[in-house]
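Below is one structure, written out as structure tokens, with a few remarks after it.
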Amino acid sequence: MSTRQYKSLKGLKKENLRDNMSTTELVLNMLAETSTKDISAAVHPAGVEESRRVARRGGEVAGIARKALEEETGVPVVTSLKASDFHNLLTSIIEDAPALIEEEDGEDTDNNE
């Protein structure tokens, strides 16, 4: 998927795409970049066209890893979630934590009686 398509999926306009990726999305992106660098060092591409082919090969390595992970988990790696969604999720967890702790404490008391 192109950067434009990825940003569109996440509903981003001017925001940084990397700042809006999940940890898994970031790791796979880094795998593609590192694979491309390593392949480039091994084959020494000459010119733009050969470098483009090397970049595609590096991306294919990460694509294989993504597909394998999705097959194992049954969950897509690439999502429309963005930083504000993660922020809202964490905020709600933090705000709900005291009530959950009280609930657990109440259950412990009931079980001990």
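The values are calculated or read from the model by the stated rules, or taken from the named source; none is laboratory data. Owing to the predicted nature of the structure, the values given are computational and were not obtained by experimental measurement. Heads up, the Cβs are rebuilt from the backbone with ideal geometry, glycines too, and the neighbour counts pull from every protein chain shown.
Tabulated values for the structure
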read-out	value
Any chance Glu50 is within 18 Å of Ser84 (Cβ to Cβ) and not assigned by TED's automatic domain parsing to the domain that holds Leu90	no
Pair list, Cβ < 6 Å and 6+ apart or interchain, from segment 79-96 residues that are in a loop (DSSP other than H, G, I, E, B) to residues that are at pLDDT 75 or above and among the hydrophobic types (A, V, I, L, M, F, W, C)	Ser80/Leu9
Residue in segment 39-56 that is under 21 Å from Lys10 (Cβ atoms) and not hydroxyl-bearing (Ser, Thr, Tyr) present	no
Any pair with Cβ under 7 angstrom, 6 or more apart, that starts in segment 25-41 at a residue that is within 17 Å of Leu69 (Cβ to Cβ) and ends at one that is exposed (fewer than 14 other Cβ atoms within 10 Å of the Cβ)	Leu26/Arg18
Members of segment 29-69 found to be charged (D, E, K, R) and more than 20 Å from Ser2 (Cβ to Cβ), listed by number	Lys37, Asp38, Glu50
Residue in segment 19-38 that is more than 21 Å from Lys82 (Cβ to Cβ) and among the basic types (Lys, Arg) present	yes
Residues of segment 52-71 satisfying the condition of being basic (Lys, Arg), touching a residue at least 12 places away in the same chain (Cβ under 8 Å) and farther than 17 Å from Asp38 by Cα	Arg66
Breaking point among (1) at positive phi; (2) surrounded by 14 or more Cβ atoms within 10 Å (Cβ to Cβ), for His44	(2)
Qualifying residue in segment 50-61 (condition: hydroxyl-bearing (Ser, Thr, Tyr) and touching a Pro at 6+ places or on another chain (Cβ under 8 Å))	yes
Given (1) at pLDDT below 95; (2) in a helix (DSSP H, G or I), number of the condition Ile39 does not satisfy	(1)
